[in-house]
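Structure record follows, encoded as structure tokens.
The values are calculated or read from the model by the stated rules, or taken from the named source; none is laboratory data. Keep in mind it's a predicted model, so treat the numbers as computed, not measured. Virtual Cβ from ideal backbone geometry, glycine too; neighbours counted across all protein chains shown. Accessible surface areas use protein heavy atoms only, side chains included; no ligands, DNA or RNA. Shrake-Rupley method; radii C 1.70, N 1.55, O 1.52, S 1.80 Å.
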Amino acid sequence: MDIHRIGVYTSGGDAPGMNACVRAVVRAAVAHDLEVIGIRRGYAGMIDGAFVEMDGRSVSNIVQQGGTILKSARSERFRTPEGRALAAENLKKVGIDALVGIGGDGTFRGAAVFFEEHGIPIVGCPGTIDNDLFGTDETIGYDTALNTAVENIDKIRDTADAHNRVFLVEVMGRDSGFIALNCAISGGAELVLIPEMFTEMDDIKERILSLMTAQSRSSIVVVAEGEDQGGAHQIELALRADDAFSKIDLRVCILGHTQRGGSPSARDRVLASRLGASAVEALLDGHTSVMVGVVNHDIKMTPLRNVWSRKKNINYELLKLTQLLS
Ligand code: F6P
């Protein structure tokens, strides 16, 4: 099938570097004599017909910006066959004959069904701070989010140390502990709790108590939001309910959406630029329903279905390392 006009959209939780990726898609497409339409607010915009023509200049000065100039959304209507049919009709009306979608697993689930139902070729670029997508060593936004988390942990350490406090620092990661584990190592945290391992409260209590009594200094416990007790506030409740903790000065800090914002790191900009350009080339080479990723430094394509059905594992050696170094 000949491709003349592609649509590009960002969807799901935004991630720093999405703009760099949009820029790469647009500029690579223009270099290949394709026309580009930006779709605002992801699948919601496809359904509403929120389209904007883009050229090389429309993406000037965005490589360094966080967020996404195309806006993002999570669309309930796109989950229905009727919503998807309306989206396909709108795309055909404006002559879009292929798509590049930038987002996470929800984005790709939608993309795969959409291709099966309506046959519009589609290539995905992995954009999520969680880094939880199979088929790429890193996702766009992960490096920046990780560095934001580490910067904040460094700041928390100063005040924690001044008061000999225990801080439970919650970082993002709904289903995975990539940010948590790596910022725990980088920030010298005493403990890390992640969704990939069972949180045994008695062990956690014992560990914190022994750290605090033996060393009488601060302790930082990094908690991934998706860990199985339900996050930092739940852990705090469990600790406060125990008399042994009555003399421990405990605080919680939720880093939350600060991790999603900010100017992307150089690493994220390079990754996003490579992936955006590769997605356009993949479409021109006839690929569809795949995600482009970087594995061992090389561009690799993975069928969309594998991206969410196969689990990307954390590095368990890093988990042992946090224990060894704390
Ligand atoms: O998927 C990325 C992510 O940042 C998760 O880590 C987090 O659980 C979720 O998005 C938050 O989404 P929202 O901004 O819609 O609340």
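Assessment of the range 234-254 against the conditions (under 20 Å from GLY127 (Cα atoms) and modelled with pLDDT of 95 or more) yields no matching residue.
Filtering ALA224, ALA160 for residues that are more than 30 Å from GLY12 (Cα to Cα), outside the structural domain of VAL290 (by TED's automatic domain parsing), in contact with a strand residue (DSSP E or B) (Cβ under 7 Å, 6 or more places away or on another chain) and not β-branched (Val, Ile, Thr) leaves a single hit, ALA160.
Scanning the range 114-146 for residues that are of a type in the set (Gly, Ala, Ser) and either open to solvent by 20 Å² or more (accessible area, probe 1.4 Å) or away from the ligand (no atom under 16 Å from the Cβ) (or both) yields a total of 2. Scanning the range 147-171 for residues that are touching a helix residue (DSSP H, G or I) at 6+ places or on another chain (Cβ under 8 Å), within 16 Å of the ligand (Cβ to nearest atom) and open to solvent by 20 Å² or more (accessible area, probe 1.4 Å) returns THR148, ASN152, GLU170.
Among the residues making up the range 172-191, those that are within 16 Å of the ligand (Cβ to nearest atom) and not in a helix (DSSP H, G or I) are MET172, GLY173, ARG174, ASP175, SER176, GLY177.
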